[in-house]
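Step one of this worksheet: look at the structure below.
The values are calculated or read from the model by the stated rules, or taken from the named source; none is laboratory data. The structure presented is a predicted model; accordingly, all values stated were derived computationally and were not measured. A quick note on method: Cβ atoms are made from the backbone with ideal geometry, for glycine too, and the neighbour counts reach across all protein chains shown.
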Ligand code: SF4
């Protein structure tokens, strides 16, 4: 696998046009200077774009028409077209299919959690690519082809669409973001990093770094690159197997990056950021869910700052990958816990609208 070559091929020319939704306040200030506008206009524009999520120049009431006109000549606010919207029967999951100006389509999911006394949670699962080259054999996204990298504006706009959806359903807005939708974030790290900073900005959605998690299927150099950000962004590693042999069979990335170096990178991430690592483990019947595999995983992660997220696989997933039985998952969890490992069982969400893990695709 030639990661660098793939990365270069995944960008698209149309993204070189100015997309204001993906620009930092500093970049907007530079632009205002170039077009002869005062610096404070950049802060006003940033607020409209990142906090209010406006989609038309007319809505920016404190920015003069002449300034909007100059900006419109040079670039685009950037708002994707919502092609379809689906809401689960339980009204706790919303999935949208978005289309970008070059016709590429992606899916984004919003999951809502009412928490009684504590703060409600509204989590968006964003896509970072319109397909995926990583070829994990259990994943539906892998079947749609390689697609391309999404720009910063394309990532940010997914969350802004869902901010409005969350508000429509009675929530204050988005509280958490997980980079676990379509694509491998590690192949689009520059735009992932820029979007994290925009979401975190106090004039934007002001979402704490600790409330955002970036996942990777195990691209080791990207984990070191993320550690160098030195922010408390969550890191999730898709493990799905307790040994290299099985991992290589179901995740081609494991042929390049072995478990030993992957766990070393995770350790480095923990030491640099203080953030515990989440290991995602989707449970497939008869493939990775035996008691001996639970013991192997327990030994592998014992003593490490790890949270294992057991994900019951979905019936609508890739062919040949059936969900584990409930008793099997319970036993697996019990064995892992006996090694002193913290284990969470992910609540299946949005299965009735194909919005669960590994079910996203462009349609
Ligand atoms: S699981 Fe993630 S990395 Fe693997 S093919 Fe699917 S989208 Fe790509």
Completion exercise
Cβ pairs under 6 Å, 6+ apart or interchain, first in segment 123-139 and under 14 Å from residue 109 (Cα atoms) and touching a residue at least 60 places away in the same chain (Cβ under 8 Å), second assigned to a loop (DSSP other than H, G, I, E, B) and near the ligand (Cβ under 7 Å from one of its atoms), ordered by first then second residue, are 127/182; 127/183; 128/183
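Listed here are the residues, each with its yes/no results for (1) at pLDDT 95 or above; (2) assigned to a loop (DSSP other than H, G, I, E, B); (3) touching a helix residue (DSSP H, G or I) at 6+ places or on another chain (Cβ under 6 Å); (4) away from the ligand (no atom under 15 Å from the Cβ).
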| residue | (1), (2), (3), (4) |
| --- | --- |
| 66 | yes, no, no, yes |
| 73 | no, no, no, yes |
| 90 | no, yes, no, yes |
| 98 | yes, no, no, yes |
| 102 | no, yes, yes, yes |
| 109 | yes, no, no, no |
| 131 | no, yes, yes, no |
Handout entry: Which listed residue is within 16 Å of the ligand (Cβ to nearest atom), buried (at least 17 other Cβ atoms within 10 Å of the Cβ), at pLDDT 95 or above and within 26 Å of residue 109 (Cβ to Cβ), from 329, 287
Key = 287
Fill in the blank from the handout: Condition set loosely packed, with under 11 Cβ neighbours inside 10 Å and in contact with a helix residue (DSSP H, G or I) (Cβ under 9 Å, 6 or more places away or on another chain), scope segment 35-60, selection nearest to residue 205 (Cα to Cα): answer is 58
Handout entry: Which numbered condition residue 144 misses (of (1) closer than 19 Å to residue 217 by Cα; (2) more than 16 Å from the ligand (Cβ to nearest atom))
Key = (2)
Handout entry: segment 166-196 - residue that is out of contact with any helix residue (DSSP H, G or I) (no Cβ under 9 Å at 6 or more places or on another chain) and under 23 Å from residue 230 (Cβ atoms) and, of those, surrounded by the most Cβ atoms within 10 Å (Cβ to Cβ)
Key = 180
Exercise for the section: Would you check if residue 196 is touching a residue at least 24 places away in the same chain (Cβ under 8 Å), more than 16 Å from the ligand (Cβ to nearest atom), closer than 20 Å to residue 154 by Cβ and assigned to a loop (DSSP other than H, G, I, E, B)? Expected result: no
Exercise for the section: Read through the list (1) more than 14 Å from the ligand (Cβ to nearest atom); (2) surrounded by fewer than 19 Cβ atoms within 10 Å (Cβ to Cβ); (3) on the phi < 0 side of the Ramachandran plot, then give the number of the only condition that residue 162 fails. Expected result: (2)
Problem - Yes/no for residue 265 being more than 18 Å from the chain's Cα centre (by Cα), more than 28 Å from residue 325 (Cα to Cα), away from the ligand (no atom under 16 Å from the Cβ) and not in a loop (DSSP other than H, G, I, E, B) - result: yes
Practice task
Evaluate the following for residue 218: is it within 14 Å of the ligand (Cβ to nearest atom) and within 25 Å of residue 103 (Cα to Cα)?
Solution key: no
Exercise for the section: Assess whether residue 115 counts as being touching a residue at least 40 places away in the same chain (Cβ under 8 Å) and closer than 23 Å to residue 172 by Cα. Expected result: no
Practice task
Please name all residue pairs, on different chains or six or more residues apart, with Cβ atoms under 7 Å, provided the first residue is in segment 247-262 and is farther than 15 Å from residue 279 by Cβ and the second residue is within 13 Å of the ligand (Cβ to nearest atom) and assigned to a helix (DSSP H, G or I).
Solution key: 248/254
Practice task
Scan 320, 316 and give me the residue that is part of a loop (DSSP other than H, G, I, E, B), at pLDDT below 95, surrounded by fewer than 19 Cβ atoms within 10 Å (Cβ to Cβ) and in contact with a helix residue (DSSP H, G or I) (Cβ under 8 Å, 6 or more places away or on another chain).
Solution key: 316
Practice task
For segment 211-248, enumerate the residues that are closer than 26 Å to residue 122 by Cβ, touching a strand residue (DSSP E or B) at 6+ places or on another chain (Cβ under 7 Å) and outside any loop (DSSP other than H, G, I, E, B).
Solution key: 211, 212, 213, 214, 215, 216, 226, 234, 235, 236, 237, 238
Problem - Single unsatisfied condition, residue 207 versus (1) buried (at least 23 other Cβ atoms within 10 Å of the Cβ); (2) over 12 Å from the mean Cα position of the chain (by Cα); (3) more than 29 Å from residue 319 (Cα to Cα) - result: (1)
Handout entry: Residue list for segment 112-129, restricted to those being part of a loop (DSSP other than H, G, I, E, B) and within 11 Å of the ligand (Cβ to nearest atom)
Key = 127, 128
